[in-house]
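**Q** Dumping the structure here so I can ask a few things about it.
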4 protein chains.
Amino acid sequence: MTMKKPINIGIVGTSFMGRAHSNAFRQVSQFFDLPYRPVLKAACARSAEGVRAFAEQWGYESTETDWRALVARPDIDLIDIAAPNNVHHDIAIAAAEAGKMVMCEKPLGRNAAESLEMTQAVERAGVRNMVWYNYRRVPAVTLAKQLVDEGKLGRIFHYRAKFLQDWTMSRDLPQGGTGLWRLDASVAGSGVTGDLLAHCIDTAMWINGPIAEVTAVTETFIKERKHQLTGEVAPVTIDDASLFLARFANGSLATFEATRYARGHKALYTLELNGQDASVAWDLHDLHRLQYFDHRDEGRVRGWRSVHISDGDHPYMKHWWVPGLQIGYEHSFTHQAADFLGALDSATPASPTFREAMATDLVTDAVLASARSRQWQSVAG
Amino acid sequence: MTMKKPINIGIVGTSFMGRAHSNAFRQVSQFFDLPYRPVLKAACARSAEGVRAFAEQWGYESTETDWRALVARPDIDLIDIAAPNNVHHDIAIAAAEAGKMVMCEKPLGRNAAESLEMTQAVERAGVRNMVWYNYRRVPAVTLAKQLVDEGKLGRIFHYRAKFLQDWTMSRDLPQGGTGLWRLDASVAGSGVTGDLLAHCIDTAMWINGPIAEVTAVTETFIKERKHQLTGEVAPVTIDDASLFLARFANGSLATFEATRYARGHKALYTLELNGQDASVAWDLHDLHRLQYFDHRDEGRVRGWRSVHISDGDHPYMKHWWVPGLQIGYEHSFTHQAADFLGALDSATPASPTFREAMATDLVTDAVLASARSRQWQSVAG
Amino acid sequence: MTMKKPINIGIVGTSFMGRAHSNAFRQVSQFFDLPYRPVLKAACARSAEGVRAFAEQWGYESTETDWRALVARPDIDLIDIAAPNNVHHDIAIAAAEAGKMVMCEKPLGRNAAESLEMTQAVERAGVRNMVWYNYRRVPAVTLAKQLVDEGKLGRIFHYRAKFLQDWTMSRDLPQGGTGLWRLDASVAGSGVTGDLLAHCIDTAMWINGPIAEVTAVTETFIKERKHQLTGEVAPVTIDDASLFLARFANGSLATFEATRYARGHKALYTLELNGQDASVAWDLHDLHRLQYFDHRDEGRVRGWRSVHISDGDHPYMKHWWVPGLQIGYEHSFTHQAADFLGALDSATPASPTFREAMATDLVTDAVLASARSRQWQSVAG
Amino acid sequence: MTMKKPINIGIVGTSFMGRAHSNAFRQVSQFFDLPYRPVLKAACARSAEGVRAFAEQWGYESTETDWRALVARPDIDLIDIAAPNNVHHDIAIAAAEAGKMVMCEKPLGRNAAESLEMTQAVERAGVRNMVWYNYRRVPAVTLAKQLVDEGKLGRIFHYRAKFLQDWTMSRDLPQGGTGLWRLDASVAGSGVTGDLLAHCIDTAMWINGPIAEVTAVTETFIKERKHQLTGEVAPVTIDDASLFLARFANGSLATFEATRYARGHKALYTLELNGQDASVAWDLHDLHRLQYFDHRDEGRVRGWRSVHISDGDHPYMKHWWVPGLQIGYEHSFTHQAADFLGALDSATPASPTFREAMATDLVTDAVLASARSRQWQSVAG
């Protein structure tokens, strides 16, 4: 057994995504045999007390309260950005310029202009980079991608995706503030478009290729809310719902929808592709299953197959337990960490790189533009 | 187009099963091209007013209030027994002796002794006969039978069936009385054993062959109830629940369960077979679907297929609508009528004949005997 | 028991919808206690032999081969139009002018202009009229409507509907011709827009009110097909897929999609509404179930309820069997016939009248216009 | 933030359960705020090379190749037994006598006699002890227990459980040998009875109280297999399938079934309770859902609720992610570790203790005895 080479991680952000990334880094070496082993070197957040508690809980060796100090540390190999969207841009560029590898929570920037500058920075610096579009690494979704790539579905006619939540429906919910930056467009960039639709778009283009054009509508159902920090009632600036029709470059048609006003759905990300010969469907509420229909099956016993993605021949699953035993949401991040580390010695970096992830921002920009202009919008590329 | 030959029906019983059988006779000629056409000649029930209303509603040409008068009528070709269990025996034997064809609602007799006499009567008279074990004719169940017969499942290891209801759980429900004869063992023969388990057993033996031996337990959860007719509180004589383990002649093992105390289940009849190569499962609450698993499918996309039984190559379904459009419970009876009429000119009568249906009574007798003796019981045969 | 008054039916069309309507008229009196009883007086189709066979099978007393002759018959009270879309207009107007009640298969006209003339004709004549948007009468859909009307869902934020099929995907399928008029835009008016989307739109507006504006895209995936009648390869004129986003008058947002290129889906009509307090969802492949989510349930045990619509307190269901026993597609028509007949003596006619159904054609016109113009389109009204 | 007190773990066994337990000990401190923190002190297995690799992968500080040496080490606080069933007895007793806390993989002993001696040893020594019946700690199962304890279901009438697998169906599978000790009765104690049924029984009695009596049948479908170690074809000594009917002390009736010959089922552990007022059902293939039916719901919208167990008010779930994001199988062990550590300072130890787990062995002994005697068997206790 050869010793693994350490990769010293410095993470910025200690909230939900800080936990999810840290967990991935802590878990990956027990389940995947990789040439590199992540070392939890330093955690960074503005609150000194908060970051110390986080570091102790997750096993980080040290803490910082200023991300610039973290970026400047020579013992850090990789900066992992798990902070709100509005700081992605500056941290990523500074980290790249300091020669660090950069991993960034999605969306890359608040818009494609930010993303382009970030992409140029990492490419100029020649550092490895990746964006945490974790749902690609749900084994069932990875399998869907494999089936499409192998041609099992044949020509694709339809794609449909939606991401439905209901957690912001109360009138009493404040906007912005601690733990609520997703409700503040100046921080987040947009509402559900950048938050939820971005996931749908990333997976869609990964599996089905580029989106050519869109027609969209967005809505903010509750127009004013009290701001948590200022206490003042102010117009809500985020989109609560965002829907669009799309035509892919391959000619297939699509519906996309994201909303936080779909009562009864906690985080229901669904996707489906219909091809000439076969179809696949998946949803996040039963993420360990893939629905598969094959028209080549004998007619009398042809039906949608509910495939329990827990066997050794399913993507990633030989690393886990035994058939029938499902893994959870968190391991989409573990898989992403494994793929990133596993590709470090390869010429081909793990996907999605910043450049690949920027493609999603070009679509979300087009969606928001179409919603404003009430016109079909081509996706820049 | 050749004219269909009429079969003059005389029905006894105008309640739930009277309606179900009448509907089947009314519908079958519109959907199936048969050599015979049922004519609703006479309906019989004790209430003159009731039977006249029934006859008008369903289109019967005449009425009787005494089944002996009905059996004696020369214009009747077929006596259909849709009356409570305690009169099956006498009507069937009288009808056979009068040379009528006989169709009888299940179970055939209240016990195997009654069933044997009924069977001997129709065989002695040489008249066509059938018992309405309608669930065999649910297209999904028929398909399951076909798949097993074709060997698609290979050697069978397991059978499991249950029939769960919850309609008798209220303490206020009376026993016996109008519309409640199923709650009176002297009329029904037994509780859920003859009512629900009989369906499970009939289908099981049709698909998987004879049952060799059983060990059983029954229970009456509410021990006393007021009798509707007498008004007196009396011990409840029926079994509310009946469970047994079985070994089939082919070596497979089974669990069977029927109860009217399964809160949340209205009429959940389920069955499943597990074979060497494939498995099938079905339930009555989604009767238009068959679950099918084929181990020969490619591993990565192997899963239970939910087959929507609504295509032209599914049993009976070319006679109905178009793919995707389901049919209801009632047409299990329509199919049984079609099979009976379609086989009249054939040497092989439609199944189950009285003799075939008697096999189920031998099993229910064994179940009740085992529950009393607390011993394994071989099935007589 | 009072005698029912007869309504003499003359039907035009003996194909799929001719069978569905005839079955409804034959069945309704056995299950619903109505003041009127349909009498199958005459069937009309161009083939004398075909219509005679149809009449014998379904019990029509007489036949016609020219609908004008049928309309002229004094013994006919009601003309039921089950013929292709291109003849709806002329037959309906003639029937109205002859003073007959008119029932018409959907869509009413090939476009709103035709529908308007038909509507004016029946209103001018003062005759009862209805369009067979049968899915309203699926009990689960009716229940969804009731729940929304009662305010159980609160303010509606989202509506989504799709109708997915896959039966036209083969390149070898001809266009137009016998039994294939739905593939010929000159006969049908449009492709899936008028065929499938029309159902989605009718139900949507019935439950959720008027649609204000739409943005749409349509596609014809296989551009040329051989015409069955001429044998020549010609451009396909129908839309294979039709998708649109909509804003309802009540402010809710919607996605709509219909296609015949969704491999694996036979006739998957789905709908869902998300409200402030509750949500409902339904699909045609399990038409006897309604999915219901109520946010007011206790949090720990809150979840989507799969309601088996087979109890006596569910719409229409007390007329059928017992809890747990599902009914089929065909009875959406039976219920529509029951509602029509049941309302004949009432001031309020059964819905949808021609005028109500015309609203759907205004939306489909807007959808097709938007797909051509690539602009948002307001719905005329 | 107070520092957590360390608990030094010494684990015996490095296979499937060795990984599952180690993962739990590594994960628990990041997600649960506990007074104690497990320290992975030493791993023990017979192969020096194997155990070193395991220790490196999982972060154990040291290794042993003889469990007696491990038990003798003064720096070990807790012996965790993740080795095959035949060594549970000796290790547990030695560990207890050495004053160590003991955690033991299920089943406790190969039979109740072994379990009794183990129980007496830990009780004599006064050391904390627990058996890893992990499925109790699946949040959905814990919630089911809570609902029953709160009286939400009312009087229980029925319990049903099964554990279906299909991984041993191939005739080519050897018996016994490396990684296959579950197929050797001398090591495992029995086949599916102790392996799978034991889980079903533990959960059942935890939720529904003691089992009074059973009638059982077992079967070995393939009678001879080649032994992996000896290479000789020998009679198979384990039970491939084990089924029983039971009566609980509370009067409810049950069916139990476990098999490795249920084609299509990987690890389908299912359970259901039917009560007077409500019912619950759960299965391991969708372990993050609980099915709940409440008869007190309004009739029209009453149905089985599919509860997605991922909210903060669900058992254990506030420690994980956000609503809608499921956790996997492995965290049933994490929860068990959390409960064990969290109860160390409490008078009441975490359940199931050895004594509580021994109750399951009394039932499995009764099941095997009934299968041999073909008699109902009372459960000793």
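**Q** Using Cα-only point scatterers and the Debye equation, what is log10 of I(q)/I(0) for the range C:5-134 at each q in 0.16, 0.18, 0.23 Å⁻¹, rounded to two decimals?
**A** Debye intensities relative to I(0), on a log10 scale: -0.73, -0.92, -1.45.
**Q** Could you pull out which residues in the range C:223-261 have an amide N less than 19 Å from a spot 7 Å beyond the Cα of C:Gln375, following the Cα-Cβ vector?
**A** C:244-247
**Q** Can I ask one more? Compute, for the protein assembly as shown, the length of the dipole vector about the Cα centre, with Cβ point charges of +1 (Lys, Arg) and -1 (Asp, Glu) only. Units Debye, rounded to 20.
**A** On the way: 160 positive and 176 negative charges, 0 e Å.
About 0 debye.
**Q** Averaged across D:167-174, how many Cβ atoms of other chains sit within 10 Å of each residue's Cβ atom?
**A** Per residue, the number of nearby Cβ atoms from other chains is 2 on average.
**Q** Once all Cα-Cα distances of chain D are split into 10 Å bins that start at 0, what whole-number percent is in each one?
**A** So the P(r) values, bin by bin, are 5, 22, 32, 27, 11, 2, 0.
**Q** If you take the Cα Rg of the protein assembly as shown and divide it by 2.2 N^0.38 Å, with N the number of residues, what do you get?
**A** Numbers: Rg = 34.4 Å, N = 1524, 2.2 N^0.38 = 35.6 Å.
Relative to the 2.2 N^0.38 Å estimate, the protein assembly as shown comes out at 0.97.
**Q** Counting pairs of alpha carbon atoms under 8 Å apart in space and at least six apart in sequence, what relative contact order in percent does the range D:5-134 give? Walk me through the numbers on the way to the answer.
**A** Details: 250 pairs, mean separation 30.0, N = 130.
Taking the mean separation of contacting Cα pairs over the length of the range D:5-134, I get 23 percent.
**Q** Evaluate E = 1/(1 + (r/R0)^6) for A:Ala48 and D:Ser15, where r is the Cβ-Cβ distance and R0 equals 41 Å; express this FRET efficiency to the nearest 0.05. Write out the running numbers ahead of the final one.
**A** Numbers: r = 44 Å, r/R0 = 1.08.
Working from the Cβ atoms, E equals 0.40.
**Q** In addition: Given contacts defined as C-alpha pairs under 8 Å and at least six residues apart, what's the relative contact order of the range A:136-378, whole-number percent?
**A** Numbers: 482 pairs, mean separation 64.9, N = 243.
Result for the range A:136-378 is 27 percent.
**Q** Shifting gears a bit: Mind ranking C:151-158, D:238-245 by how tightly packed they are, going by the mean number of other C-beta atoms within 10 angstrom, highest first? Write out the running numbers ahead of the final one.
**A** Details: C:151-158: 20.2, D:238-245: 26.9.
Listed from highest to lowest mean packing, they are D:238-245, C:151-158.
**Q** Would you mind checking A:Lys5/D:Lys4; B:Lys226/D:Lys145; A:Lys226/D:Lys152; A:Lys266/C:Lys106; B:Lys162/C:Lys162; A:Lys318/D:Lys162 for any pair whose Cα atoms are more than 32 angstrom apart?
**A** On the way: A:Lys5/D:Lys4 30 Å; B:Lys226/D:Lys145 35 Å; A:Lys226/D:Lys152 39 Å; A:Lys266/C:Lys106 38 Å; B:Lys162/C:Lys162 36 Å; A:Lys318/D:Lys162 26 Å.
Pairs exceeding the cut-off: B:Lys226/D:Lys145; A:Lys226/D:Lys152; A:Lys266/C:Lys106; B:Lys162/C:Lys162.
**Q** Three principal axis extents, largest first, for the C-alpha atoms of the range A:257-381, in Å?
**A** 50, 47, 33
**Q** Now for a different question. Given a Förster radius of 45 Å and the C-beta distance between D:Thr230 and A:Glu298 as r, what FRET efficiency does 1/(1 + (r/R0)^6) yield to the nearest 0.05?
**A** On the way: r = 43 Å, r/R0 = 0.96.
Once the sixth-power term is evaluated, E becomes 0.55.
**Q** Counting only residues 5 or more places away or on other chains, whose amide H sits under 5 Å from the amide H of B:Thr63 once H atoms are built in the peptide plane?
**A** B:Ala43
**Q** By counting other Cβ atoms within 10 Å of each Cβ, how are D:His295, D:His88 ranked from fewest to most? Display every interim value, and only then the final one.
**A** Values: D:His295 17, D:His88 26.
In order of increasing Cβ crowding within 10 Å: D:His295, D:His88.
**Q** Now a separate question. Okay, helix-only estimate at 222 nm for the protein assembly as shown: each DSSP H run of n ≥ 4 adds -39500 (n - 2.57), divide by all residues, round to 500 deg cm²/dmol; what do you get? Present the calculation step by step, with values, prior to reporting the outcome.
**A** Numbers: 40 runs with 460 residues, N = 1524.
Mean residue ellipticity at 222 nm (helix-derived): -9500 deg cm²/dmol.
**Q** Another question about this same structure. Which whole-number percent is the relative contact order of the range D:275-381 (Cα, under 8 Å, 6+ apart)? Provide the component values of the computation, followed by the final result.
**A** Working: 98 pairs, mean separation 14.3, N = 107.
In percent, rounded to a whole number, it is 13.
**Q** Among B:Phe340, B:Ala144, B:Ala369, pick out the residue whose Cα is farthest towards the positive end of the charge dipole of the range B:136-378, where Lys and Arg carry +1 and Asp and Glu carry -1 on C-beta, about the Cα centre.
**A** The listed residue farthest towards the positive side: B:Ala369.
**Q** Any idea what the dipole of the range A:178-306 comes to, in debye rounded to 20, about its Cα centre with Lys/Arg Cβ at +1 and Asp/Glu Cβ at -1? Present the calculation step by step, with values, prior to reporting the outcome.
**A** On the way: 13 positive and 17 negative charges, 59 e Å.
Using Cβ point charges on Lys, Arg, Asp and Glu, the range A:178-306 gives about 280 debye.
**Q** Right, another one. Just counting partner chain Cβ atoms within 10 Å, what average do the residues of peptide C:148-158 show around their Cβ?
**A** 3
**Q** Restricting to chain C, what percent of DSSP beta bridges are antiparallel, rounded to 5?
**A** Details: 41 of 72 bridges.
Antiparallel: roughly 55 percent of the beta bridges in chain C.
**Q** Give the aspartates and glutamates reachable from C:Lys41 as a straight Cα distance under 14 Å; neighbours fewer than 8 places away on the same chain don't count.
**A** Partners found: C:Glu56, C:Glu61, C:Glu64, C:Asp75, C:Asp77, C:Asp80.
**Q** Please identify the longest segment of chain C free of exposed GluC sites (Glu not before Pro), where exposed means a DSSP state other than H, G, I, E or B and no more than 13 other Cβ atoms within 10 Å. Write out the running numbers ahead of the final one.
**A** Working: sites that count: C:Glu61, C:Glu150, C:Glu232, C:Glu298.
Answer from the scan: C:62-149.
**Q** Which of C:Gln120, C:Ile81, C:Gln291 sits closest to the plus end of the dipole of chain C, meaning its Cα is farthest towards the positive end, when Lys and Arg get +1 and Asp and Glu get -1 on the C-beta?
**A** C:Gln291
**Q** For each of D:Val87, C:Val102, count neighbouring Cβ atoms within 10 Å of the residue's Cβ, then give the residues from fewest to most. The partial results should precede the final answer.
**A** Details: D:Val87 14, C:Val102 27.
Placing the least packed residue first, the sequence is D:Val87, C:Val102.
**Q** Next question. Count, for each residue of C:286-296, the Cβ atoms from other chains sitting within 10 Å of its Cβ, then give me the mean as a whole number.
**A** Values: counts 7, 5, 7, 3, 3, 3, 7, 8, 6, 4, 0.
That average works out to 5.
**Q** Testing the spin-label approximation: label points 7 Å from Cα along Cα→Cβ at A:Glu123 and C:Ala249. State their distance in nm.
**A** 5.2 nm
**Q** When the dipole is taken about the Cα centre of chain D, and only Lys, Arg (+1) and Asp, Glu (-1) are charged at their Cβ, what size is it in debye, to the nearest 20?
**A** Values: 40 positive and 44 negative charges, 76 e Å.
The dipole of chain D has a size of about 360 debye.
**Q** Just to confirm my numbers, what's the Cα centroid distance between the range D:195-270 and the range A:32-105 in Å?
**A** After rounding, the separation between the Cα centres reads 51 Å.
Read-outs throughout are calculated quantities, based only on the coordinates presented, and are distinct from any laboratory measurement. As the structure is a computational prediction, the values presented were derived from the model and not from experiment. Neighbour counts are summed over all protein chains in view; Cβ atoms, including those assigned to glycine, are modelled from backbone coordinates with ideal geometry.
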